[in-house]
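Asks: Dropping a structure here in structure tokens format, bear with me for questions.
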There are 2 protein chains.
Amino acid sequence: MTLLAAGVTKRSKRSYMNSDTTIAILGGTGPQGQGLALRFAIAGVSVALGSRDGDRAAAIAEELNKKLNGRSEAHIHGCDNLGAVDAAEQFVLVAVPYAGHDATLAAIKSRLSGKVLVDLVVPLAAANPRAVAMPKEGSATEAAQALLGSEMKVVGALHNVSAHTLNALDEKINCDILACGDDLEATDAAVDLIKRLGVEAYNCGPAVNARCIEAITPILIRLNMSKKVPFSHAGIRIWRPGHSGV
Amino acid sequence: MTLLAAGVTKRSKRSYMNSDTTIAILGGTGPQGQGLALRFAIAGVSVALGSRDGDRAAAIAEELNKKLNGRSEAHIHGCDNLGAVDAAEQFVLVAVPYAGHDATLAAIKSRLSGKVLVDLVVPLAAANPRAVAMPKEGSATEAAQALLGSEMKVVGALHNVSAHTLNALDEKINCDILACGDDLEATDAAVDLIKRLGVEAYNCGPAVNARCIEAITPILIRLNMSKKVPFSHAGIRIWRPGHSGV
């Protein structure tokens, strides 16, 4: 136990020495959460990987740290969702399946004060990932804001980048990230965090725009599944006139 | 009158010799309609440019034909909206401002039988082009389908390409076009028509997806207006992993 405690302390010190912040990724044991944790760790951001099952999160975090294999001194630490929220300095990313969205938020609500909730959840239709079934609030981002209350800072982002892309560590993520939220500063801060992944990210305005941004994902899934297009794992890019590119 | 009639006949013959089809563009005297007419003519598609004011459409069509300046043997012909619908072999594109959307469709409804209506209209909020004000049906495309009846073939497309880009004839349009509609064949046919512009176009599924696709435009307008991004006239692209590009 002493050795283990010493190990943890040493690791924590190391991650604080080489990373300037720690973020939480809830639902972090899924493919999207794992890929994001790896990408953020490589970018020098320490990650508290949260799950309902803290032991599972800890085991997966250790696997991810092995995968990093010296690419990063920032550390991925696995724990339960509440522990991850408490470990987050500012940003709490939620990457749970839509079915667990509201329950996850309700469980952490009391611990979110002063933090920024970044909602990655897409309300895919239960039986059809090529369609959305938006909640009555209009989008998952707006539902999160309603559930957590207007004083809470909620940002929607990272909906349109596939788990495959996130986990393909040898490739640059060169699709774009569209973010939105009613708190301008919090949305800008989330955009800056996301840009650390080496990706272009844009503040796309208020939370109502999540009705569009979240709904891009099932369109991408539809194209990925289509036999008419020669690709899968598609993303979205903002195109600028005068630039070429695929 | 005899000379004029002879001129019209000669022109019509010429366009039919070198173009395999004629499409209508209603609201064609606006910047978007004009740019599209030029692009389609260059692609060998003859255009009946429709407007409520047929004389104005005829005058603008002549200007556009001069602009083409030998780039195309396909002809742009200006007339009133009903005349344009009648001239269209299959496709009737509607590029009117949102305020004129329903009235334009109601006025041509009886003449649309057997044709495909391609709706380009984005329901921008009256006082804020950075926001949508969707009709109760959910999108302009769905409103058009409801107004015209379920037997009519309605496709939503070409919402996210700027008039500036369309009119910059020396530059390739290399943003992508997202199309949707409840009639699979009609949507595929519209995609094929649009691909003649040398642009990538995708069938993105049923008309309900227009709620997303139409709403991309005000997000692009927001970015274009933002001082934080170094571009304007942005479009959207589907990004494929393994490809780079801006």
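The values are calculated or read from the model by the stated rules, or taken from the named source; none is laboratory data. Just so we're clear, the structure is a prediction, and the values are computed from it rather than from any experiment. Because the Cβ atoms are built from the backbone with ideal geometry, glycine has one as well, and the counts that use them run over all protein chains shown. Note: accessible area is taken over every heavy atom of the protein model, side chains too, but ligands, DNA and RNA are not part of it. Shrake-Rupley method; radii C 1.70, N 1.55, O 1.52, S 1.80 Å.
Asks: Can you compute the charge dipole magnitude of region A:22-226 about its Cα centre, using +1 on each Lys and Arg Cβ and -1 on each Asp and Glu Cβ, nothing else charged? Give it in debye, rounded to the nearest 20.
Replies: 440
Asks: Using 1/(1 + (r/R0)^6) with R0 = 25 angstrom and r between the beta carbons of B:Leu184 and B:Glu89, what's the FRET efficiency to the nearest 0.05?
Replies: 0.75
Asks: So, one more: Which FRET efficiency, nearest 0.05, do B:Ala146 and A:Ile42 yield, Cβ-Cβ r, R0 51 Å?
Replies: Efficiency at R0 = 51 Å is approximately 0.55.
Asks: Taking the convex hull of the Cα atoms, report for region A:68-161 its projected area averaged over all directions, in nm².
Replies: Result: 7.3 nm².
Asks: Show me, bin by bin at 10 Å from 0, the whole-percent P(r) of region A:121-217 based on Cα pairs.
Replies: It works out to 17, 45, 31, 7, 0, in whole percents.
Asks: Using the heavy atoms of the protein chains alone and a 1.4 angstrom probe, what is the accessible area of the protein assembly as shown per residue in square angstrom?
Replies: Spelled out: the 1.4 Å probe surface of the protein assembly as shown, per residue, equals 43 Å².
Asks: With a 1.4 Å probe and all protein chains in place, put A:Arg71, B:Arg39, B:Arg196 in order of accessible area, largest first.
Replies: A:Arg71, B:Arg196, B:Arg39
Asks: Please compute the Kirkwood hydrodynamic radius of region A:161-217 from all pairs of different C-alpha atoms, in Å with one decimal.
Replies: The answer is 12.0 Å.
Asks: With θ set to phi - 60° and the Karplus curve 6.51 cos²θ - 1.76 cosθ + 1.60, what are the ³J(HN,Hα) couplings of region B:174-188 in order, to the nearest whole Hz, using x for Gly and Pro?
Replies: So the J values, rounded to whole Hz, are 10, 8, 9, 10, 9, 10, 8, x, 7, 9, 4, 5, 5, 5, 4.
Asks: OK, next. Per DSSP H run of at least 4 residues, take -39500 (n - 2.57); add these up for chain B, divide by its residues and hand me the 222 nm value, nearest 500 deg cm²/dmol.
Replies: Computed mean residue ellipticity for chain B: -12500 deg cm²/dmol.
Asks: Moving to a separate point now. How big is the accessible area of A:Arg222 in square angstrom, nearest 10, if you roll a 1.4 angstrom probe over the protein chains?
Replies: Approximately 40 Å² for this residue.
Asks: Mind checking the mean number of beta-carbon atoms from other chains within 10 Å of the Cβ atoms in A:156-167?
Replies: So the per-residue partner count for this stretch is 1.
Asks: Something else: What's the average, rounded to a whole number, of partner chain beta-carbon atoms within 10 Å of each residue's beta-carbon in A:89-95?
Replies: Mean inter-chain Cβ contacts per residue within 10 Å come to 0.
Asks: If you find the alpha carbon centre of region A:49-94 and of region B:158-194, how far apart are they in angstrom?
Replies: 44
Asks: Continuing with the same structure: Ignoring ligands, DNA and RNA, how much accessible area is buried between chains A and B, both sides summed, with a 1.4 Å probe, to the nearest 100 Å²?
Replies: The summed interface area works out to 3500 Å².
Asks: So, one more: With every protein chain present, what accessible area does B:Leu82 have (1.4 Å probe, heavy atoms only), rounded to the nearest 10 Å²?
Replies: Accessible surface of B:Leu82 is approximately 60 Å².
Asks: Antiparallel as a % of all DSSP beta bridges within chain A, to the nearest 5?
Replies: The antiparallel proportion sits near 10 percent.
Asks: Something else: How big is region B:22-226 on each of its three principal axes, counting only the C-alpha atoms and giving the largest first in Å?
Replies: For region B:22-226, the Cα spread along each principal axis is 43, 42, 32 Å.
Asks: Keeping every protein chain in place, order B:Asp182, B:Asp86 by accessible area at 1.4 Å, biggest value first, i.e. largest first.
Replies: B:Asp182, B:Asp86
Asks: If you don't mind, there's one more thing I want to ask. Can you give the accessible area of B:Ile173, probe radius 1.4 Å, in Å² rounded to 10?
Replies: 10
Asks: Using a 1.4 angstrom probe on heavy atoms only, work out the carbon and sulfur share of the accessible area of region B:22-226 in %.
Replies: For region B:22-226, the apolar C and S fraction of the accessible surface comes to 51 percent.
Asks: Also, quick follow-up: Which FRET efficiency, nearest 0.05, do A:Lys136 and B:Lys195 yield, Cβ-Cβ r, R0 35 Å?
Replies: 0.35
Asks: Can I ask one more? Taking a 28 Å limit on the Cα-Cα distance, which of the listed pairs A:Lys66/A:Lys195; A:Lys67/A:Lys172; A:Lys153/A:Lys195; B:Lys109/B:Lys136; A:Lys228/B:Lys109; B:Lys66/B:Lys109 fall beyond it?
Replies: A:Lys228/B:Lys109; B:Lys66/B:Lys109
Asks: Based on the alpha carbon coordinates of the protein assembly as shown, what radius of gyration and maximum Cα-Cα distance (Dmax) apply, in Å?
Replies: Cα only, the protein assembly as shown: 25.6, 105 Å (Rg, Dmax).
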